[in-house]
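Quick notes on the structure that follows.
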Amino acid sequence: MISVIIPVYNREALIARAIDSVLSQTFLADEIIVVDDGSTDATAKVLERYRDKVKIITQENRGVSSARNAGIKASSGSWITLLDSDDIWHPEKLALQKDYHEREPVCLISHTAEKWMRHNKEIKQKKAHQKPSGWCFEENLDFCKIAPSTIMIAREVFEEVGYFDEALEVCEDYDLWLRMLRRYPLGFVEEVLTTKYAGHENQLSFKYFAMDRFRIEALLKHREHQSVQEEIRKKVDLLERGAKKHQNSEILAFCKWVEEEVNCN
């Protein structure tokens, strides 16, 4: 049984496109759960059109991690898939990913290739963005190479490693993937089965300065690993240089605290 979780906040112009891409799958999901994270625009009105096809959960605005967690916990599928409200799936996404796990029954996590679009133009992906597979914890330390909209995860994985960290405003996916990749290998479906859109308003990845601060917070959970300590020091160095340039005392204090934490462990 496959559950689809779609968190949404103020995406009245995009949410229908995302839901329609799920309803157009060649292999249909067993349930679709949309979590409206306190939208103040017409998102709720758009969702009403789908009430007979999807389960709608409404909550106060608590962030994307809270919305995803609420959807996962309310779902009943043995497999969990995620779709961001500004992305879409290609018609065979679920079918090909399901087939992959049937061929590889010991693999409990997989992701797919994806297309990137910005302002209606495709973005060429760099070599550094090449999709990882297998035991690839260290390969993902630099930055997140796994997109939430491409993922399929067995429920038991969440039960083992936990859910999205709601204390992280961004990089919450990076944090969860690292916790998963320490314990599980990652499968990869090479076909492009997801389109990720960028350039519109309200994208968290464009909202926050110094994203590495949140990555460092995630990395500190694995600080006993030598490779993680090295990655933390690299990110702290970059963060500190930027903070000095912009005279950001808050970030400088954070960097000092991290250096003390790492040196003490």
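Scan region 158-168 and give yes if some residue there is part of a helix (DSSP H, G or I), open to solvent by 80 Å² or more (accessible area, probe 1.4 Å) and at pLDDT 90 or above, otherwise no. For region 158-168, residues part of a helix (DSSP H, G or I), open to solvent by 80 Å² or more (accessible area, probe 1.4 Å) and at pLDDT 90 or above: present. Condition check: at negative phi, touching a helix residue (DSSP H, G or I) at 6+ places or on another chain (Cβ under 8 Å), open to solvent by 40 Å² or more (accessible area, probe 1.4 Å) and not aliphatic (A, V, I, L, M). Does Thr26 satisfy that? It is true that Thr26 is at negative phi, touching a helix residue (DSSP H, G or I) at 6+ places or on another chain (Cβ under 8 Å), open to solvent by 40 Å² or more (accessible area, probe 1.4 Å) and not aliphatic (A, V, I, L, M). Among the residues of region 224-253, the ones that are closer than 24 Å to Glu138 by Cβ, buried (at least 17 other Cβ atoms within 10 Å of the Cβ) and either touching a residue at least 40 places away in the same chain (Cβ under 8 Å) or in contact with a Leu (Cβ under 8 Å, 6 or more places away or on another chain) (or both) come to 5 in all.
Conditions tested, residue by residue: (1) out of contact with any Lys or Arg (no Cβ under 6 Å at 6 or more places or on another chain); (2) of a type in the set (Lys, Arg); (3) under 21 Å from Ser21 (Cα atoms).
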position: Lys73; (1), (2), (3): yes, yes, no
position: Glu92; (1), (2), (3): yes, no, yes
position: Glu102; (1), (2), (3): yes, no, no
position: Ile109; (1), (2), (3): yes, no, no
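Considering region 169-201, the residues that are under 21 Å from Asp212 (Cβ atoms) and in a loop (DSSP other than H, G, I, E, B) include one that is modelled with the lowest pLDDT, namely Glu169. Among Lys127, Lys131, which is the only one that is open to solvent by 10 Å² or more (accessible area, probe 1.4 Å), of a type in the set (Lys, Arg), more than 17 Å from the chain's Cα centre (by Cα) and more than 25 Å from Glu12 (Cβ to Cβ)? After ruling out the rest, the residue left standing is Lys127. Screening Ile109 on (1) among the aliphatic types (A, V, I, L, M); (2) open to solvent by less than 30 Å² (accessible area, probe 1.4 Å); (3) within 24 Å of Ala198 (Cα to Cα) shows it passes everything except condition (3).
Could you tell me whether Glu114 is in a loop (DSSP other than H, G, I, E, B), under 27 Å from Asp212 (Cβ atoms) and at pLDDT 95 or above? Steps first, answer last, please.
On the way: in a loop (DSSP other than H, G, I, E, B): no; under 27 Å from Asp212 (Cβ atoms): yes; at pLDDT 95 or above: yes.
Answer is no for this residue.
The numbered conditions (1) part of a loop (DSSP other than H, G, I, E, B); (2) open to solvent by less than 60 Å² (accessible area, probe 1.4 Å); (3) of a type outside the set (A, V, I, L, M); (4) under 18 Å from Arg17 (Cβ atoms) are all true for Thr81 except (1).
One residue stands out in region 173-187 among those that are open to solvent by less than 10 Å² (accessible area, probe 1.4 Å) and not hydrophobic (A, V, I, L, M, F, W, C): the one that is farthest from Arg62 (Cα to Cα), namely Gly187. Inside region 91-109, residues that are touching an Asp or Glu at 6+ places or on another chain (Cβ under 8 Å) and not acidic (Asp, Glu) make up a count of 2. Candidates in region 86-109 are the residues that are assigned to a helix (DSSP H, G or I) and among the acidic types (Asp, Glu); of these, the one that is nearest to Pro7 (Cα to Cα) is Asp99.
Residues in region 69-120 that are polar (S, T, N, Q) and more than 15 Å from the chain's Cα centre (by Cα): Ser75, Ser76, Ser78, Gln97, Asn120. Checking the conditions here, which among Ala42, Ala67 is under 25 Å from Ala198 (Cα atoms) and surrounded by fewer than 20 Cβ atoms within 10 Å (Cβ to Cβ)? One residue alone meets the criteria, Ala42.
The values are calculated or read from the model by the stated rules, or taken from the named source; none is laboratory data. Because the structure is a prediction, the values reported are computed rather than measured. Glycine also receives a Cβ, built like all others from the backbone with ideal geometry; neighbour counts cover every protein chain displayed. SASA here: full protein model, heavy atoms, side chains in, ligands and nucleic acids out. Shrake-Rupley method; radii C 1.70, N 1.55, O 1.52, S 1.80 Å.
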